[in-house]
Amino acid sequence: WVRYSMNDYGWVYRAVIQGPPIGKGRPRHTKEGRVYTPKRTVDWEKSAAYLMGGWWHEAPYEGKVGVRVYSYAVRPGRLLRKKDAPGPVWKGTTPDVDNVAKSVLDAIQMAGVIRQDNQVVYLEVRDMFAEKDGVARVELELFPIQDPAAELTSGKVGVSWADDAPSGEQCVASL
């Protein structure tokens, strides 16, 4: 699902992209010397961009933004025992968290939500296994970043993902 809403900080753009998180693949080279991105990465970015772009009805945002990315992979059998925590648990395996962030930022840019991914000045990324009965997904949150001095004095940076219950217009996409 995707949600675009207003709050105390301004606007916030949230999306949940269902399917396994795909990290940005290393550039490949053809025998002729042409450089390309692996198909798996390109397909994930295009699908995510299609989902996000369909719910962004404005020109690309031009200001500085913050992004939170929560990457959830399906739990392996070794973490489905009764003694294992029912909620998300830290992952720390491939794909690397920085490569997932690169794919997400490229998809946000491809969707036309922001002009360039160099507008991102605050980035928080978490790499976890989903809940025991959870599904693989990537949750993202994009929000405007204002004057750093104002944020430091207020103690607020962006928004909280705490109210993640879907509301308003929403969409679910499976990759």
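Residues of the range 80-96 that are buried (at least 19 other Cβ atoms within 10 Å of the Cβ) and in contact with a strand residue (DSSP E or B) (Cβ under 7 Å, 6 or more places away or on another chain): K91 alone. Considering only residues in the range 15-54 that are among the β-branched types (V, I, T) and outside any loop (DSSP other than H, G, I, E, B), the one that is nearest to L142 (Cα to Cα) turns out to be V16.
Restricting the first member to the range 96-123 and to residues that are more than 19 Å from P21 (Cβ to Cβ), and the second to residues that are assigned to a loop (DSSP other than H, G, I, E, B) and aromatic (F, W, Y), the beta-carbon pairs closer than 9 Å and six or more apart or on different chains are G112/W56. Within the range 34-59, residues that are farther than 20 Å from A101 by Cβ reach partners that are aromatic (F, W, Y) and modelled with pLDDT under 90 with beta carbons closer than 8 Å, at six or more positions or on different chains, in the pairs W55/Y4.
Apart from one condition, F129 fits all of (1) open to solvent by 30 Å² or more (accessible area, probe 1.4 Å); (2) aromatic (F, W, Y); (3) touching a Lys or Arg at 6+ places or on another chain (Cβ under 6 Å); the exception is (1). Does any residue of the range 55-70 turn out to be among the basic types (K, R), surrounded by 17 or more Cβ atoms within 10 Å (Cβ to Cβ) and in a loop (DSSP other than H, G, I, E, B)? Scanning the range 55-70, I find no residue that is among the basic types (K, R), surrounded by 17 or more Cβ atoms within 10 Å (Cβ to Cβ) and in a loop (DSSP other than H, G, I, E, B), so the answer is no.
The values are calculated or read from the model by the stated rules, or taken from the named source; none is laboratory data. Predicted model only: the values in this text are computed from it and were never measured. Glycine also receives a Cβ, built like all others from the backbone with ideal geometry; neighbour counts cover every protein chain displayed. Side chains are part of the model used for accessible areas, which takes the heavy atoms of the whole protein and leaves out ligands, DNA and RNA. Shrake-Rupley method; radii C 1.70, N 1.55, O 1.52, S 1.80 Å.
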